[in-house]
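What follows is a single structure, written as structure tokens, with notes after it.
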Amino acid sequence: MEMRVLGTTGVRVSPLCLGAMMFGSWGNPDHKDSVRIIGRALDAGINFIDTADVYSGGESEEIVGKALAGDRREHVVLATKAHGAMGDDVNERGNSRRWLVRECENSLRRLGTDYIDLYQIHRPDPSADIDETLGALTDLIRAGKILYAGSSTFPASQIVEAQWAAERRGRERFVCEQPPYSILVRGVEAEVLPACRRYGMGVIPWSPLAGGWLSGRYRKDADLPASTRAERIPQRFDMSLPGNQAKLEATEKLAQLAEEAGLSLIHLALAFVINHPAVTSAIIGPRTMDHLESQLGAADVVLTADILDKIDEIVPPGITLNPPDRGYEPPALTNPALRRR
């Protein structure tokens, strides 16, 4: 695979990043099989792996650690994330210095490594000042625990705020952002992707197949598949919601477009994401070896202007068909106490 530079770091990563969310109890509980899938991805040229502490309660990180044991670790750009709840204690979550310093050590132990290439803040935390978070990350970088810091699913305004805070306070800055982005979830095209380009940040989109909607399994003439993901986040799959009905309509049209172009729907969807000029590497999240094999070839697909125009007709630029797919809603909207009463 032709490597790409992650933001302005000089670090080169593959255009496909292996996401490890589905390794462990959330997806594939067979550790040996998961390790084989990781090994196949590395053999195919992927050198970038992304996981998070909350994926299967740390089990995903443990599986990745097993797969990278020995010489392989040094040849992989390894990314993980922190923010989500990892216990019942109210301080075992969030973006405070107290938690990030402690949880970084936990991730290092689970991954079986003495450093993390990219440590990302999984979601914003309104209760923690961004300088508090950047200060902790800066100290972790200076201690050699992590090499770079990034954000995930941050609104454009908070991406900019973090850049300004880093400059004013002499902190290490976020070198990349990991947003939700697919043909069905295009909201980040309006402000997030342009902001990342302005600040020289790499972009590592999650869910380029829209949580499986663009895998080819969701068709009008077929029974909708059951999945553990649908059980965890039903609002993204509940067909009583108009947004999910709109996704099904769009998916049907996109499948026909892919067939006309001589592509699989998977390759069409992944190529759409990785060919955006702001995007560095798209995160694929296979649960099985077949899933991985069906996605690997997408790195070589280039979509013509005609195909891109037809995609825009099906889902216009900047549109997210189902609002829950945005991945983050500001507390000002979700907490009634913060709204007008």
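The values are calculated or read from the model by the stated rules, or taken from the named source; none is laboratory data. Worth saying up front: this structure is predicted, and the values here are computed from it rather than measured. Every residue, glycine as well, gets a Cβ built from its backbone with ideal geometry; the counts of neighbours run over all protein chains shown. With ligands, DNA and RNA removed, areas are computed over all heavy atoms of the protein, side chains included. Shrake-Rupley method; radii C 1.70, N 1.55, O 1.52, S 1.80 Å.
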With (1) open to solvent by less than 30 Å² (accessible area, probe 1.4 Å); (2) at negative phi; (3) assigned to a loop (DSSP other than H, G, I, E, B) as the list, and C104 as the residue in question, which single condition is left unmet?
(3)
Residues of the stretch 1-56 satisfying the condition of being assigned to a helix (DSSP H, G or I) and open to solvent by 60 Å² or more (accessible area, probe 1.4 Å):
K32, R36, R40, D43
For the stretch 202-216, what are the residues that are open to solvent by 10 Å² or more (accessible area, probe 1.4 Å) and part of a loop (DSSP other than H, G, I, E, B)?
S207, L209, S215, G216
Residues (open to solvent by less than 30 Å² (accessible area, probe 1.4 Å) and over 18 Å from L42 (Cα atoms)) located in the stretch 71-101:
K81, A82, G84, G87, G94, N95, W99, L100
Can you tell me which of P179, P208, P194 is touching a strand residue (DSSP E or B) at 6+ places or on another chain (Cβ under 6 Å) and in contact (Cβ under 8 Å) with a residue 40 or more places away in the chain?
P208
All positions within the stretch 301-340 that are open to solvent by 40 Å² or more (accessible area, probe 1.4 Å) and acidic (D, E):
D306, D309, D312, E313, E329
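Given the residues E132, E62, which is the only one that is acidic (D, E), within 24 Å of G202 (Cα to Cα) and either at pLDDT 95 or above or crowded, with 18+ Cβ neighbours inside 10 Å (or both)? Quick ask: steps written out before the conclusion?
Values: E62 fails: within 24 Å of G202 (Cα to Cα).
Selected residue: E132, the only one of E132, E62 that is acidic (D, E), within 24 Å of G202 (Cα to Cα) and either at pLDDT 95 or above or crowded, with 18+ Cβ neighbours inside 10 Å (or both).
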What number of residues in the stretch 228-270 are on the phi > 0 side of the Ramachandran plot and surrounded by 14 or more Cβ atoms within 10 Å (Cβ to Cβ)?
0
